[in-house]
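Heads up: the structure comes next, in structure tokens.
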Amino acid sequence: MKKHILISGEKGVGKSTLIRRLLEAADLTVGGFYTKMDESPKEVMHPIYIYPAKQPITERKRLQKNLIGRCGEFGRRKESFPAVFDTLGREYLEDTQGCQVIVMDELGFMESEAYAFRSAVLRALDSDVPVLAAVKDKQGVPFLQQVRQHPQAEVFAINAENREELFARLLPLVKDWKRNA
């Protein structure tokens with residue numbers, strides 16, 4: 001078994017939910033980041049924010065400084081802010097002292113121009129700390145290809161039919177991270 005777990009699948013299939021469930025069940029100390037799209041119906045371009053994984057949901061604020069981009073309906077129109085990935089995103093990936101797992105939820109196409117962030121992602125995959133990541137199921141994006149093909153990572157495809165089976169399959173592996181930390 002490879003060290004890192006990458007979960008890949010279509011938008012809305014449950015990648016982030018699976019990660020959250022695995023981490024809650026294994027009770028691991030986390031580092032890394034979460035991203036969250038604000039899907040407010042009054043917004044034409046939905047803002048997407050980045051947060052440190054160790055920050056409780058109740059403390060997460062939607063501010064200009066952690067706005068990583070905006071996305072139109074069905075991802076047709078996009079606007080990304082690579083500087084935010086390169087500062088906050090990189091910082092969240094490097095601030096992993098004492099964590100048992102590095103969370104990357106999620107990796108996609110918006111960080112294509114965020115070179116410092118991308119380097120931090122690859123350094124995390126090269127490290128000894130296990131990574132649990134959601135990776136967009138987007139073909140033709142060289143960075144995502146590089147992540148999915150990392151020699152220490154195994155990609156697990158998630159869909160509506162296999163979500164529960166995948167949870168049961170991955171939970172013992174994730175719990176092992178706690179014993180081996």
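The values are calculated or read from the model by the stated rules, or taken from the named source; none is laboratory data. Note that the structure is predicted; figures quoted are calculated from it, not measured. Positions of Cβ are generated from backbone atoms using ideal geometry, with glycine treated the same way; all protein chains shown enter the neighbour counts. In case anyone asks, the SASA skips ligands and DNA or RNA and just uses the protein heavy atoms, side chains included. Shrake-Rupley method; radii C 1.70, N 1.55, O 1.52, S 1.80 Å.
Per residue, how many Å² of accessible area does the chain show with a 1.4 Å probe?
Numbers: 9610 Å² over 181 residues.
Per-residue value: 53 Å².
Quick one: pull the percent of accessible area on the stretch 109-181 belonging to carbon and sulfur, 1.4 Å probe, ligands and nucleic acids left out.
Using a 1.4 Å probe with all protein chains present, the stretch 109-181 comes out at 50 percent carbon and sulfur.
So what is the relative contact order of the chain, in percent, for Cα pairs below 8 Å that sit 6 or more residues apart?
Details: 330 pairs, mean separation 60.8, N = 181.
Rounded, it is 34 percent for the chain.
At 1.4 Å probe size, with no ligands or nucleic acids counted, give the accessible surface of residue 36 in Å², nearest ten.
120 Å²
If you count the DSSP beta bridges with both ends in the stretch 1-147, what percent of them are antiparallel, to the nearest 5?
Just about 45 percent of them are antiparallel.
Of 35, 96, 87, which is the most mobile in a GNM of the chain whose springs link Cα atoms less than 10 angstrom apart?
Residue with maximal mean-square fluctuation among 35, 96, 87: 87.
Please report the equivalent ellipsoid semi-axes of the stretch 20-95, computed as sqrt(5 x eigenvalue) of the Cα gyration tensor, largest first, in whole Å. Walk me through the intermediate numbers first.
Numbers: eigenvalues 113, 48, 23 Å².
In descending order, the three semi-axes are 24, 16, 11 Å.
Size of the dipole of the stretch 115-181 about the Cα centre, Lys and Arg at +1 and Asp and Glu at -1 on the beta carbon, nothing else charged, in debye to 20?
Computed about the Cα centre, the dipole is about 200 debye.
Given bins 10 angstrom wide, list per bin the percent of all Cα-Cα distances in the chain, short to long.
10, 40, 39, 12, 1
Checking a compactness column here: for the stretch 87-179, what do you get for Rg(Cα) / (2.2 N^0.38 Å), N being the number of residues?
So the Cα radius of gyration is 1.12 times the expected 2.2 N^0.38 Å.
Where the centroid of each part is defined by its Cα atoms, how far is the stretch 150-166 from the stretch 21-66 in Å?
The distance from the Cα centre of the stretch 150-166 to that of the stretch 21-66 comes to 22 Å.
With only Lys, Arg, Asp and Glu charged, each at its Cβ (+1 for the first two, -1 for the last two), find how big the charge dipole of the stretch 1-68 is about the Cα centre; round to the nearest 20 debye.
Dipole size: approximately 180 debye.
Taking springs between alpha-carbon atoms closer than 10 angstrom, which of 94, 59, 154 fluctuates most in the Gaussian network model of the chain?
Comparing 94, 59, 154 in the GNM, the peak value goes to 59.
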